[in-house]
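The values are calculated or read from the model by the stated rules, or taken from the named source; none is laboratory data. Because the structure is a prediction, the values reported are computed rather than measured. Cβ placement follows ideal geometry from the backbone for every residue including glycine, while neighbour counts extend to all protein chains displayed. With ligands, DNA and RNA removed, areas are computed over all heavy atoms of the protein, side chains included. Shrake-Rupley method; radii C 1.70, N 1.55, O 1.52, S 1.80 Å.
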Amino acid sequence: MSSTPTVVLVHGAFADASSWAAVVERLRAQGVEALAVGNPLRGLTHDGEYVASVVSQIDGPVVLVGHSYGGPVITYAGTRADNAKALVFVASFGVDKGDSALGSVAEFPEVELATSLVPRQYPSGDGTDTEFTIREDAFASVFGADLPAEVTAVAAVSQRPVAQAALGEPLGIEPAWKTLPSWFAVATSDNAVHPDSQRAAAKRLGATTVEVEGGSHSIAASRPDEVANLVLEAVRSLG
């Protein structure tokens, strides 16, 4: 088995694996192998099992990185994959067993995302279920206020919808952060996950924390140097 860590990056709602492109570029420039996986965005257990299966098939230790809803997903996957050795949360929800992404932020002030969601129906095994996107006219402000307008204009019309069940499903197993070292990047101007909820999550997780001043929810794209540097810190901690 290889002793060199591989970084596995997990996107959150309304995004896809390409949202990690700038971070992947910086990690590879430092000689670190990185894989950005497609998060199904259908349910926490489903998505966590999927990511865990990807991680378990990688040779050697893995640093799991999760953005937004990807944070709960790596919290699940890190428990299920024996070769997961560290966790990095980026503008993320932080959940404990019995918590959902939405439940974990319920006590904090409402963010713009809450009033910008568009519900749609999609077919499921039992008929139809609900999924959400962000209103196109609100996308830039909610998701990437510090990105160029031409970037958010394209992102707004290429969103990956997230199932209502994914955001509302509680974590059903012990969280990986109880046994693995964690790092957390707080986006201080986030309009999708309140910065104070991120700070509280980082404290709950006992994470090594950095604050990305003025960073929007999309700091992996807008501030890739800060995000990549935090990931590299986690990688180097594994020796």
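Data for the structure
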| read-out | value |
| --- | --- |
| Any hit, region 43-61, residues being free of Cβ contacts under 8 Å to residues at least 24 places away in the same chain and closer than 21 Å to residue 202 by Cα | no |
| Residues of region 82-100 satisfying the condition of being farther than 16 Å from residue 230 by Cβ and crowded, with 23+ Cβ neighbours inside 10 Å | 84, 93, 95 |
| Region 126-164: number of residues that are of a type in the set (Asp, Glu) and within 18 Å of residue 18 (Cα to Cα) | 2 |
| Set 93, 89: member being under 21 Å from residue 139 (Cβ atoms) and of a type in the set (Phe, Trp, Tyr) | 93 |
| Members of region 7-18 that are open to solvent by 20 Å² or more (accessible area, probe 1.4 Å) and under 15 Å from residue 74 (Cβ atoms) | 17 |
| Any hit, region 141-151, residues being outside any strand (DSSP E or B), in contact with an Asp or Glu (Cβ under 7 Å, 6 or more places away or on another chain), open to solvent by less than 60 Å² (accessible area, probe 1.4 Å) and in contact (Cβ under 8 Å) with a residue 24 or more places away in the chain | yes |
| Residue among 103, 71 that alone is open to solvent by 40 Å² or more (accessible area, probe 1.4 Å), under 21 Å from residue 161 (Cα atoms) and within 18 Å of the chain's Cα centre (by Cα) | 103 |
| First in region 168-189 and within 21 Å of residue 84 (Cβ to Cβ) and in contact (Cβ under 8 Å) with a residue 24 or more places away in the chain, second anywhere and among the basic types (Lys, Arg) and not in a loop (DSSP other than H, G, I, E, B), Cβ under 7 Å, 6 or more apart | 180/85 |
| Matching residues, region 106-124, being outside any strand (DSSP E or B), touching a strand residue (DSSP E or B) at 6+ places or on another chain (Cβ under 9 Å) and hydrophobic (A, V, I, L, M, F, W, C) | 113 |
